[in-house]
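Right, one structure below, let's go through it.
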Amino acid sequence: MPKVSVIVPVYNPGKYIDELIESLLGQTLPAEELELVFVDDGSTDGTPARLDELAAAHRHVRVQHIANSGWPGKPRNLGIDMATGDYVFFADNDDWLERDALERLHATAVQD
């Protein structure tokens, strides 16, 4: 079971999701301890196919596609239902994380 599940609600991010994906795949927390859950909220810009390719290439990436809900709450809640990690972290598609961010956050959560 993963230590951390990262939930990312996604809607038509285009190239603006690139930095987030790169930063999540480059985390120092090992892939077997990390789960990346992307919930695509009805994107129409090619994002669904890109996320499917990402999931096919990385075992710790999961993708769920839903009809557009018009708000980030529904994809976040669905992501929570899908998450299997001990802890959940939310990221938006235009965020990025330092390489050791999730490892440090997990260590702090366990300690405190």
Residue 44 fails exactly one of (1) assigned to a loop (DSSP other than H, G, I, E, B); (2) of a type outside the set (A, V, I, L, M); (3) in contact with a helix residue (DSSP H, G or I) (Cβ under 6 Å, 6 or more places away or on another chain), namely (3)
Selection from the range 50-86 of residues open to solvent by 70 Å² or more (accessible area, probe 1.4 Å), in a loop (DSSP other than H, G, I, E, B) and not aliphatic (A, V, I, L, M) yields 59, 68, 71, 86
Only one of (1) modelled with pLDDT under 95; (2) more than 10 Å from the chain's Cα centre (by Cα) does not apply to residue 49, and that is (1)
Going through (1) in contact (Cβ under 8 Å) with a residue 40 or more places away in the chain; (2) among the β-branched types (Val, Ile, Thr); (3) open to solvent by 90 Å² or more (accessible area, probe 1.4 Å) one by one, residue 44 fails only at (1)
Practice task
Take residue 30 and decide whether it is under 24 Å from residue 106 (Cβ atoms), modelled with pLDDT under 95 and not small (Gly, Ala, Ser).
Solution key: no
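The values are calculated or read from the model by the stated rules, or taken from the named source; none is laboratory data. What you see is a predicted model, and the numbers here were worked out from it, not measured in a lab. Every residue, glycine as well, gets a Cβ built from its backbone with ideal geometry; the counts of neighbours run over all protein chains shown. Keep in mind that these areas ignore ligands, DNA and RNA; they rest on the heavy atoms of the full protein, side chains included. Shrake-Rupley method; radii C 1.70, N 1.55, O 1.52, S 1.80 Å.
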